[in-house]
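**Student:** Here it is: the structure, laid out below.
The values are calculated or read from the model by the stated rules, or taken from the named source; none is laboratory data. The model shown is predicted, which means the values in this text are computed figures rather than measured ones. Quick reminder, even Gly has a Cβ in these numbers, built from the backbone with ideal geometry, and neighbours come from all protein chains shown.
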Amino acid sequence: MSSMTTTDTSVRTEHDLLGARQVPADVYWGIHTLRAIENYPISGSAVGAMPHLIRAYAQVKQACALANNDVGALAADKAKAIVWACQRVAIDPWTWAAQFPIDAFQGGAGTSTNMNVNEVLANLALERLGHPKGRYDVIHPNDDVNMAQSTNDTYPTALRLAIYAALYTMSSVKIAALQHAFQLKAAEFADVIKIGRTELQDAVPMTLGQEFSSFEVLMAKERHHIEYAATALLEVNLGATAIGTGINTPPGYSERVIAHLREILKLPVVQAPNLFEATSDCGAYVTAHGACKRVAIKLSKICNDLRLLSSGPRAGLGEIRLPERAAGSSIMPAKVNPVIPEVVNEVAFKVLGNDHAVTLAAEAGQLQLNAFEPLIAQSTFESIRLLTGALETLRANCVEGIEACPDVTRAYARESISLVTYLVPLLGHAECDNIGRECSRTGETVRQVVLRQGLMSPEQLDAVLPVA
């Protein structure tokens, strides 16, 4: 892959297996990236839109360069320049997003992405050494940047580490913030008595604070589950090269590259005990996206509840008021809809669809490799990005501004026939059935029927019933 002199200074000519092509002179990517741009005009969403993957890939390449230098396979000047390039990309991947223009959907098990990374890092390293882009006789994308590596071990390693980082950021920042918002609301609504409901029918009284405390615990559990699921991503196949044999790796390289990766990331990264299994298996991705699916399911359930509790304002439950975020109708004046919970529901549905895509892609591996990890990458990062936005908007634009309607909740609780449940230990189940039927027939409250029938005194009822 050497460069050729051209009279047009706006381009440079590069070679690959298939021939020669002109590449824009100012870009850091090269001929392999160009072919991938042409081959995959699919979604309009580029690898550059996945900054966690770009950062992780640069960190993997940095570890590889250091390991190759350690074992004497890569000259010190080349290693130093490549490491500098890796650090420059990793520190701010968003700045370099335009240099990773390949579509997220691609064939080849991620080979195009790996070559894109190799080319960008090689040309950055060349600049560091004072050479023009394309001087691959000085630093070569394959021979130097990709030394002792394959797409089949670098891509999965980078993807695992990138998903790990993205999951932890979502969990520790966005889920934690929503959890705290529910905690504050649970305290605020601690004394708001209301009726609980099972199967959309009256159950027994509770407080609105208790209802919101369940939302807080849901989020706390999802944070714990994400952290548990993410740990499997720290087992990587770096050093496996093509299929797990470690072909073309010098003695000592495998141990050194994992040690450097641990040091760069400050994480307990380990090499998989069986590199053949680790190169072909995608189970860790299924578990990781499964954690995203769980978050989506819990968020959707919470939003369903918020929409029900706020329904009305006159003909629904009307137990809480959601912040008014937009006019709700182009034809009905004064209508306001629960648009924030609705959009979070939509995100949840999309994440569930992505989970199915990840499952199918993971299942589709054949023999020593799974060719569909780019789909897993696109689906997983999209899910994390959507969930991150949904968590933020649900907190900031909805939960923090929710208000209780205590007069409404107390009235429902006072009039609910389910209050008769408190009398079962005193009057027995059969008698309480009769009281309930009488309430249904006459429209009276439990208190009114019990007093009319002389079954208990007002003082006895006050001592037992949670609402007057």
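**Student:** Being basic (Lys, Arg), at pLDDT 95 or above and on the phi > 0 side of the Ramachandran plot narrows it down to one of LYS266, LYS293, LYS301, so name that one.
**Tutor:** Details: LYS293 fails: on the phi > 0 side of the Ramachandran plot; LYS301 fails: on the phi > 0 side of the Ramachandran plot.
Checking each option against the conditions leaves just LYS266.
**Student:** Here's another thing I want to ask about it. Of all residues in region 291-328, count the ones that are among the small types (Gly, Ala, Ser), surrounded by 21 or more Cβ atoms within 10 Å (Cβ to Cβ) and in contact with a strand residue (DSSP E or B) (Cβ under 8 Å, 6 or more places away or on another chain).
**Tutor:** Qualifying residue count for the region: 1.
**Student:** So, one more: Could you please find all residues in region 365-394 being among the charged types (D, E, K, R) and touching a Phe, Trp or Tyr at 6+ places or on another chain (Cβ under 9 Å)? Steps first, answer last, please.
**Tutor:** Here is the first cut: in region 365-394, the ones among the charged types (D, E, K, R) are 373, 382, 385, 392.
If the condition is that a residue be among the charged types (D, E, K, R) and touching a Phe, Trp or Tyr at 6+ places or on another chain (Cβ under 9 Å), then GLU373 is the only one that fits.
**Student:** Among (1) closer than 18 Å to MET170 by Cβ; (2) in a loop (DSSP other than H, G, I, E, B), there is one condition VAL343 misses while meeting the rest; what is its number?
**Tutor:** Unmet condition: (2).
**Student:** Tell me, please, whether a residue that is aliphatic (A, V, I, L, M), in contact (Cβ under 8 Å) with a residue 60 or more places away in the chain, touching a strand residue (DSSP E or B) at 6+ places or on another chain (Cβ under 8 Å) and crowded, with 20+ Cβ neighbours inside 10 Å can be found in region 258-277.
**Tutor:** yes
**Student:** Pick from region 394-421 the residues that are surrounded by fewer than 18 Cβ atoms within 10 Å (Cβ to Cβ) and in contact with a helix residue (DSSP H, G or I) (Cβ under 6 Å, 6 or more places away or on another chain): which of them is nearest to GLU216 (Cα to Cα)?
**Tutor:** GLU400
**Student:** For region 143-160, which positions are part of a helix (DSSP H, G or I), more than 12 Å from ALA65 (Cα to Cα) and out of contact with any helix residue (DSSP H, G or I) (no Cβ under 6 Å at 6 or more places or on another chain)?
**Tutor:** Filtering region 143-160 down to residues part of a helix (DSSP H, G or I) leaves 143-145, 151-160.
In the following step, the residues that additionally are more than 12 Å from ALA65 (Cα to Cα) were identified as 151-160.
Within region 143-160, ASP153, PRO156 qualify.
**Student:** Kindly check whether there is at least one residue in region 414-426 that is outside the structural domain of GLU342 (by TED's automatic domain parsing), among the hydroxyl-bearing types (Ser, Thr, Tyr) and over 17 Å from GLY196 (Cβ atoms).
**Tutor:** no
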